[in-house]
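Nothing in this text is a laboratory measurement; each read-out follows from the coordinates by a stated rule. Because the structure is predicted, anything quoted here is derived from the model rather than measured. All Cβ positions, even for glycine, are placed from backbone atoms using ideal geometry, and neighbour counts span all protein chains on display.
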Ligand code: MN
């Protein structure tokens, strides 16, 4: 549902929020956690606005969020910790009230704008340049689950291993997923240490141990559970979205050589668990309301979702997602990054609501701050393949880069940046901010 916070005509007194290409206009207002660089400053809950970050608790303490005990003030009070978990646990009514209060605070002509004009010290307490903060993980993630929700990705990858039978028979009935590793989630910018592990060449008699040679990225969207469910109860599909706080970009770094040897019969393990990168700002579902679209249209002949997965309304999200690569040689030559792919999150076979409802359908309790990720976002066209395994067909078709280099998988010094944004006529463009990591040997 759209409300006054989505009005494309809204302008902020934070000048950078008007830049046409900013990810963070006043219509976005995502939440994250960051601390000022260069000192031992405490992590603070922040909301990026243009090229600045609003300190939510500083705004509350300055009296700009509303009277005590209002939903907005209670929600801002929950931001005193070092994570978003307490805010996530409050639920959609409180998230929405805080968003509205922050939108009004940041609008041109607000009382806060006048007060801060007259008080530069207070202004510096409330607003920090984004260039001066170090983003951290937005939440303490108790559990992390990774899905496999792109039928294009599943088909492309399946075809590499089973050319005659790429898609397994369960795929169109059940959102496939596996339990990931929460401890190795890191914020954007964290170096990506190349993992070592067991690999076995097809013609070798025994495996060997060493650094992965087939290191890959996976372009994914993640979503955070807000309010949870009691163990033994399900989350009905009609209520699933009200349990979702918001979305961020996820890079599920993957060692394909480790994966090929270890994955049967229980699925991914050490090939994935070494590190997963998140973009630091969580874009709320409410901010994404103008960009909701019908769920992916299943081709004729595909089964309809079973009743517990049958979702009314627009289950899809029209977000454009890109992968950019900058090698060490490109950095040394001051050459720009090159785009490797562009796809849309609207092309996913399963929606975020279906993934969450399915996850809880056996009575599994979800908790505030749990992270679910979509799986690699790939589309029907070759330009929309969200990992190198698909783009290079497991190394058979190397990518030629503009400077003469080529790639089958990632090399040391390669920087991979995921970008995502939503845009349509009649709405203000909003973005997710970068999700970046550089491979180190
Ligand atoms: Mn994945």
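Using a Gaussian network for the chain with springs between C-alpha atoms less than 10 Å apart, which of these wobbles most: 252, 86, 61?
61
How high is the relative contact order of segment 161-218, given as a whole-number percent (alpha carbon pairs under 8 Å, six or more residues apart)?
Normalised by residue count, the contact order of segment 161-218 is 21 percent.
Given points 7 Å out from each Cα along the Cα-Cβ axis, report the residue 338 to residue 264 separation in nanometres with one decimal.
Those two pseudo-labels are separated by 3.5 nm.
Working out 0.36 nm times the residue gap between residue 329 and residue 440, then minus their Cα-Cα distance, what length gain in nm do you get to one decimal?
Length gained between residue 329 and residue 440: 38.6 nm.
Between residue 396 and residue 193, how high is the FRET efficiency from 1/(1 + (r/R0)^6) when r is the Cβ-Cβ distance and R₀ = 22 Å? Nearest 0.05.
The calculated FRET efficiency here is 0.20.
Go through 37-50, 266-279 and give me the packing order, highest mean Cβ count within 10 Å leading.
Top to bottom by mean Cβ count within 10 Å: 266-279, 37-50.
Apply 1/(1 + (r/R0)^6) to the Cβ-Cβ distance of residue 205 and residue 298, taking R0 = 56 Å, and write down the FRET efficiency to the nearest 0.05.
Efficiency, from the Cβ-Cβ distance: 0.80.
By per-residue mean of other Cβ atoms within 10 Å, what is the highest-first order of 106-116, 212-222, 298-308?
212-222, 106-116, 298-308
Could you work out the helix-only [θ] at 222 nm for the chain, with each DSSP H run of four or more residues adding -39,500 (n - 2.57) and the total divided by the number of residues, to the nearest 500 deg cm²/dmol?
So the calculated ellipticity at 222 nm is -5000 deg cm²/dmol.
Between residue 69 and residue 362, what FRET efficiency follows from the Cβ-Cβ distance if R0 is 41 Å, with the result rounded to 0.05?
Taking R0 as 41 Å, the efficiency between residue 69 and residue 362 is 0.60.
Using a basic spin-label model with each label point 7 Å from the Cα along Cα→Cβ, how many nm lie between residue 61 and residue 403?
4.5
Nearest 10 degrees is fine. How inclined is helix 151-161 to the longest principal axis of the chain, computing both from alpha carbons?
Value to nearest ten degrees: 30.
Place a point 7 Å from the Cα of residue 19 along the Cα-to-Cβ direction; which residues of segment 335-357 have their backbone N under 19 Å from it?
336-337
Between segment 140-174 and segment 383-421, what's the alpha-carbon centroid distance in Å?
Measuring centre to centre over Cα atoms gives 20 Å.
Would you mind pulling out the separation of the Cα centroids of segment 359-376 and segment 321-336, in Å?
When both Cα centres are located, 35 Å separates them.
Using a 10 Å cut-off on Cβ atoms, rank the peptides 88-96, 201-209 from the highest mean neighbour count down.
Descending mean neighbour count gives 88-96, 201-209.
Relative contact order for the chain using alpha-carbon pairs under 8 Å, separation at least 6, rounded to a whole percent?
That works out to 20 percent.
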